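Okay, here's the structure, questions in a sec.
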Amino acid sequence: YMVEPGIQPLQADEERLRQILLNLIDNSIKYSDPDSTIEIQVLEEQDYVIIKVKDSGWGIPPEDLHHIGKRFYRGRHGSITKGTGLGLSLCHEIVEMHGGRMEIESTPGVGTVVRIYLPVRRSDA
């Protein structure tokens with residue numbers, strides 16, 4: 001995992017941030033083969049700290065991608081993995097409550113990238 005030097009402090013609930021990260025990492029493990037890699041990167045861009053979780057797993061078909069983040073949606077691989085289908089929807093809600101956004105890109109057979117954009121804390125705020 002990599003954290004860019006000089007990252008600004010976040011305005012975030014530590015426990016909720018931990019919940020997001022654990023869910024994203026758990027999903028990457030769950031939907032990947034055992035020898036797959038998972039990369040975690042933290043960087044700053046403009047007024048946001050970006051947390052990027054990238055895996056080389058099964059990927060999400062394009063027709064399923066727009067459903068990801070909806071409550072109880074488990075996708076094509078949902079029948080072979082454990083879960084409720086609530087994890088990403090909760091992550092999405094928590095990120096929005098913090099004034100951020102979540103983006104997901106995926107290619108079947110290549111992997112998935114999830115980016116969480118959270119606002120940095122400004123000293124004048």
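Which is farther than 24 Å from Leu90 by Cα and of a type outside the set (A, V, I, L, M), of Gln41, Gln8?
Answer to the selection: Gln8.
Applying the selection to the range 3-61, what residues are among the polar types (S, T, N, Q), surrounded by fewer than 16 Cβ atoms within 10 Å (Cβ to Cβ) and out of contact with any Phe, Trp or Tyr (no Cβ under 8 Å at 6 or more places or on another chain)?
Gln8, Gln11, Gln19, Ser36, Thr37, Gln46
Limited to the range 99-123, what total is found for residues that are open to solvent by less than 40 Å² (accessible area, probe 1.4 Å), in contact with an Asp or Glu (Cβ under 9 Å, 6 or more places away or on another chain) and in contact (Cβ under 8 Å) with a residue 40 or more places away in the chain?
Residues of the range 99-123 that are open to solvent by less than 40 Å² (accessible area, probe 1.4 Å), as a first pass: 100, 102, 106, 111-114, 116-120.
Subset that is in contact with an Asp or Glu (Cβ under 9 Å, 6 or more places away or on another chain): 102, 106, 111-114, 116-117, 119-120.
So of that shortlist, the ones also in contact (Cβ under 8 Å) with a residue 40 or more places away in the chain come out as 106, 111-114, 116-117, 119-120.
Here the count works out to 9.
The values are calculated or read from the model by the stated rules, or taken from the named source; none is laboratory data. Predicted model, so just to flag it, every value in this text is computed and none were measured. Glycine also receives a Cβ, built like all others from the backbone with ideal geometry; neighbour counts cover every protein chain displayed. Just so you know, the surface numbers come from the protein's heavy atoms only, side chains and all, with ligands and any DNA or RNA stripped out. Shrake-Rupley method; radii C 1.70, N 1.55, O 1.52, S 1.80 Å.
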